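Have a look at the structure below before the remarks.
The values are calculated or read from the model by the stated rules, or taken from the named source; none is laboratory data. What you see is a predicted model, and the numbers here were worked out from it, not measured in a lab. Ideal geometry is used to build each Cβ from the backbone, glycine not excepted, and the neighbour counts take in all protein chains shown.
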Amino acid sequence: MKKTNGYVIYENHRLVVIATGFTRKSANRKTGNMIQIWILVKAQNPVKAVLTGLDEIICGDCPFRGEICYVNVGQAPLAIHKTWLNGGYGYAGTFDNKTGEWIPDKAMLARLFSGASTRFGAYGDPVNIPLPIVKRIADHSANWTGYTHQWRAINNQAYREYFMASTDTEEQKITAHEMSWRSFRVIDDGENPSDGEIVCPNYTHGVQCADCGMCKGKGSKAKSIVITAHGSKKKKFSKVRDYVSNPLDNMNPTQKIIGERLMEKQNNK
């Protein structure tokens, strides 16, 4: 069968996970040529999912859902969702719509990712991908990157072997390290890495993610990583810090309900 540019590598009743870049190289100058893995809501296109709050399915309680997210959902995620709806991608597994069970094609996953550099979560949180599939892909990839805001959840601790904890403050970084995660965070101009951190090699030496291998959780023995906010990200960075400092004041209505529930659970512990 002719190789397509993308394959569905996991699916359940609510979301679909699609890997792209098998026939067309990524043009991302920072990451380099990597297989991009996208986690998308099935019921709505990415733009509508953000507007309705249904993106919670793929983003969890990430405080930066919506306008603050660095991903422009109206570009690649929207196009990929449309291609999937139109049957434009192959399948590296089988989905039983009645039972909701996904049966991965392990041999196909091995062939597709053999020697590749893989970016888990170009959009969406990669802990939505079952751990055995993550492991299969990582085992056959030459390099990979992965970041999750869901690193505090008890059920997600095994993912620290493969992904970085996305932390937004030095305090969060410390907590992540105490939980045996390596971390990734954005710092402001003039701010220095703290203990156990180094600046991303892309910023210091121009090394692309495809060749680096430092942002793959405990799969790397390197220190944790920081990057400096710059360009279009710098403006969003100030919003990120504002959200972290005053989360409920800055959330949209859907996020605020989620945040209030999370805080209530925390206070009841």
Practice item. Report, by residue number, each residue of the stretch 65-77 that is part of a loop (DSSP other than H, G, I, E, B), of a type outside the set (Val, Ile, Thr) and buried (at least 19 other Cβ atoms within 10 Å of the Cβ). Key: Arg65
Revision key, fill the gap. Residue hits (the stretch 1-50; of a type in the set (Val, Ile, Thr) and assigned to a strand (DSSP E or B)) are Val8, Ile9, Val16, Val17, Ile18, Thr20, Ile35, Ile37, Ile39, Val41
Exercise for review: Could you please find all residues in the stretch 104-144 being crowded, with 18+ Cβ neighbours inside 10 Å and among the aliphatic types (A, V, I, L, M)?
Suggested key: Leu109, Leu112, Ala116, Ala122, Val127, Ile129, Ile133, Val134, Ile137, Ala138
**Study point:** For Lys173: the one exception among (1) more than 27 Å from Ile35 (Cα to Cα); (2) more than 18 Å from the chain's Cα centre (by Cα)
**Key:** (2)
Exercise for review: Go through the stretch 85-144 residue by residue and tally those that are in contact with a helix residue (DSSP H, G or I) (Cβ under 8 Å, 6 or more places away or on another chain), among the polar types (S, T, N, Q) and under 30 Å from Ile68 (Cα atoms).
Suggested key: 4
Review point. If you check every pair at least six apart or on different chains, which have Cβ atoms under 8 Å apart with a residue in the stretch 117-136 that is farther than 16 Å from Cys62 by Cα first and a residue that is polar (S, T, N, Q) and at pLDDT 95 or above second?
Key: Ser117/Ser141; Ser117/Asn143; Thr118/Ser141; Thr118/Asn143; Thr118/Thr145; Arg119/Gln36; Arg119/Thr145; Phe120/Thr145
Point to revise | Residues satisfying the stated conditions in the stretch 164-218, i.e. farther than 21 Å from Asp139 by Cα, among the charged types (D, E, K, R) and assigned to a loop (DSSP other than H, G, I, E, B) | key: Asp168, Asp188, Asp189, Glu191, Asp195
Exercise for review: Hey, can you tell me all the residues within the stretch 153-176 that are touching a residue at least 24 places away in the same chain (Cβ under 8 Å), surrounded by fewer than 19 Cβ atoms within 10 Å (Cβ to Cβ) and closer than 15 Å to Gly219 by Cα?
Suggested key: Ala158, Glu161
Exercise for review: Run down Gly100, Gly93, Gly74, Gly87 and say which single residue is of a type outside the set (S, T, N, Q) and under 29 Å from Tyr203 (Cβ atoms).
Suggested key: Gly74
Practice item. Search the stretch 1-25 for residues being crowded, with 19+ Cβ neighbours inside 10 Å and not hydrophobic (A, V, I, L, M, F, W, C), and hand back the single one that is farthest from Trp144 (Cα to Cα). Key: Glu11
